[in-house]
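This report concerns only the one structure given below.
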Amino acid sequence: MLKSSNKFGIIAIISTAIILFLILTLAAVGFFFRQPQETIETTAADDPQAILQNTEVDPALAITELGGIAPLDVINLAIDKSRPGTALATIISTPSLDPKTTAGTLLLLGGKFSNLNDSARAAISYQLAGAIATLSPDLSDTLRADVFLQAGSGLAALDDGLHAKIYLDQAYLLATESKYLQPAYRQSVLEQLNDAYLSINEPEQARKSLNASLSPPALVNQGETRLELPAVEPIPLSEAVQTAEKTRWQAAQQVARDLVEMGGEVKPEDLSALQNALVAEDTVKTAFFADSLAAEKQLSGKVNIIHSKITWLRLKYRVALGGFGLSLVPEWESNTEQIRSDLTASYDELFRQYSDIIVAIPDASQIDRATEELLRRQLLAGKLGWYPNYPAERLKDQLLAASARLIETQPDTKLRVGFISINGSDYCTFISDSNISNQSSGSAQPTTP
C-alpha cells in the first residue's frame, strides 16, 4: 500500500473549494433546485433507507460529497441552507459519522422539519436520535439523558405523546439510577422531566419527577467504564484507489457546476464521465479491499479494512437508490438488491471479525462486556438502516441474554437495554435489571418507571 499523494490532495482541495464557493454563492439568492416533497410514513423509522427514495434531496448540494467534500460538511451546509432533506439523506448513508455528532444533528433536524410542518420526518429524526442514545456504547450517560430529553420533548411538541414517553422514561431511569451523572445535572434532568411529562398528559410521572428532583437519589458518582472493542482506524489507500477517487471527485465537481450554472440541468457528457468514474472506482476498490483482506493478518486490521469497504458500499447503495437526487449509474439502480446483499454480507463479515476478537480476550468479565457492546452495535447498525436484512429477532434475544449475564456477574454497573413493542414495532429502551431478567426468560414486558 502507498501513502497519499500531496499533489492529489492539493488539487482536490482547490477544486472542492471552488465548487463549494459556487454553491454557497448561489444558495444565498435561493438558486437551488428542489424536488417535489413526497409523503413519508413515520413507519419509515423501521427502515430509514426508505427515506432516500422519499425525501427532498438537493442534487447540487448532495453531489458535492461525491466531489470530495466531507459528509459532515455537506450536512452542516445543508442545515445552514435549509435543506434538511439533503442533510437527513446524508446522515443515514454515512455510518462513519461518530454517534455523538449523528445524534446531535438528528435532533437539530427534528426541529428544522418541525418548523417546516414536516411532522413525519421530524418524528423520524427524533426517533433515530433516541435509538442512538439507547444503543450506542460510545455515549456517556450525561449525553444520553440530554438526547432523550430533547427527543422526547420534540416528539411531545409534535403531539406524539406515545413515542415521546419512550425517551422521557429513559431519561427518568438514567436520572434516578445511573451512577455516571453529576448531582446537579441529575437534578436538572428531573426538573425538566416534570414539565415534559405534563406536556404529554402524564401527571403521575410528572409528580414523581418533581419529587425526585427535590430529593435526588444519593448515588455515588463514578467514571464511565471503558469500551472493550478496538476503535476503528483509517487505512492507507493504494495509488490506484487514490487515482480513482481523484477522477470521481473531478467528475462530480463538474456535474455540480453544471447544476448550478444550468438551472438544474447536466451536460450528458459530464454525467457520463461521473458514471464511468464511479464504475471504475468500484472496480478498483473491490479488488483493493479483497487483496488487503487477504494480506492482513491482524483481526483489528481486518476490521479497519471492512469498515472502509462498508463506507464505499453505503455510498454505492445510496447512488443505486437515487439518494443524490440524480440518476447516476443506471446499472447500479437495476442491481440494487445485489448491492444491498453485498452490504449485508460485509456487515456479517465485520461482526464475525469482532466476535473473533472477543474470543481472544483473556478476561471473562471483559468478554461479557464486549459481547454486549458488539450486540448493541449490530442492532444500532440495523435500526439506522446501515445493516440491511439484519437478524433483528436473533440479536434481540442474544442481547437480552448478554444483559442478563452482566446483571448476574457485574451487578449495579451500567443500565441495560431491553425492548418494548408499540403498534407492531420494537423499540430498544433502557429498563430496570428485574425487567431485563424477565424479558430474557420471556416472562414479562418492561414496565414504565
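Nothing in this text is a laboratory measurement; each read-out follows from the coordinates by a stated rule. All of these numbers come straight from a predicted model, not from anything done at the bench. No Cβ is skipped: glycine too gets one built from the backbone with ideal geometry, and neighbour counts run over all protein chains shown.
Give me, ordered by chain and number, the residues 5 or more places off residue 58 or on other chains with an amide H under 5 Å from its own placed amide H.
When sequence neighbours closer than 5 places are left aside, the close amide H contacts are 86.
Between residue 421 and residue 185, what FRET efficiency follows from the Cβ-Cβ distance if R0 is 35 Å, with the result rounded to 0.05?
The calculated FRET efficiency here is 0.65.
Would you mind ranking 167, 347, 197 by Cβ crowding within 10 Å, fewest neighbours first? Show your work: numbers first, answer last.
Values: 167 31, 347 22, 197 26.
Fewest to most other Cβ atoms nearby, the residues stand as 347, 197, 167.
Could you give the length gained on full extension between residue 283 and residue 100, defined as 0.36 nm per residue of separation minus the Cα-Cα distance, in nm?
That pair, residue 283 and residue 100, stretches by 62.5 nm at full extension.
Over region 75-226, calculate the relative contact order: mean separation of alpha carbon pairs under 8 Å at least 6 apart, over the residue count, as a percent.
Relative contact order for region 75-226 comes out at 16 percent.
Extending each Cα 7 Å along its Cβ direction at residue 140 and residue 341, get the distance between those two points in nm, one decimal.
Distance between the two pseudo-spin positions: 4.6 nm.
Arrange 245, 269 by Cβ neighbour counts within 10 Å, fewest through most, would you?
With the fewest neighbours first, 245, 269 line up as 269, 245.
What distance in nm separates the simple spin-label points at residue 355 and residue 243, each placed 7 Å from Cα in the Cβ direction?
A separation of 4.0 nm, rounded to one decimal place.
What are the ³J(HN,Hα) couplings of region 156-170, residue after residue, when phi is run through the Karplus curve with 6.51, -1.76, 1.60 and θ = phi - 60°? Round to Hz, x for glycine and proline.
With the stated coefficients, region 156-170 comes to 4, 5, 8, 6, 10, x, 4, 7, 4, 5, 4, 7, 5, 5, 5 Hz.
Compute the distance in nm between two label points, each set 7 Å from the Cα along the Cα-to-Cβ direction, one at residue 226 and one at residue 397.
Between residue 226 and residue 397, the label points sit 3.5 nm apart.
About its Cα centre, how strong a charge dipole does region 239-440 have in debye, to the nearest 20, once Lys and Arg get +1 and Asp and Glu get -1 at the Cβ?
On the way: 22 positive and 28 negative charges, 66 e Å.
Charge dipole, region 239-440, about its Cα centre: 320 debye, nearest 20.
At a Cα cut-off below 27 Å, give the lysines reachable from residue 100, other chains included and same-chain residues fewer than 8 away excluded.
81, 112, 165, 179, 302, 309, 316, 383, 396, 414
With a 10 Å Cβ neighbour count serving as the proxy for reagent exposure, in which order, fewest first, do 177, 265 appear? Each step should come with its number before you reach the end.
On the way: 177 18, 265 11.
Lowest to highest Cβ neighbour count: 265, 177.
Expressed in nm to one decimal, what extension gain is obtained for the pair residue 334 and residue 267 from 0.36 nm per residue of sequence separation less their Cα-Cα distance?
21.8 nm
What are the residues whose amide H is under 5 Å from the amide H of residue 419, where those residues sit 5 or more places off or on another chain and H is modelled from the backbone?
Amide H neighbours of residue 419: 429.
Rounded to whole Hz and in sequence order, give me ³J(HN,Hα) for region 253-270 from the Karplus expression 6.51 cos²θ - 1.76 cosθ + 1.60, θ = phi - 60°, writing x for Gly and Pro.
Result, ordered by residue: 4, 5, 4, 5, 4, 4, 4, 7, 8, 10, x, x, 9, 9, 5, x, 5, 6 Hz.
Sort out for me the Cα centre separation of region 290-311 from region 336-396, rounded to whole Å.
15 Å
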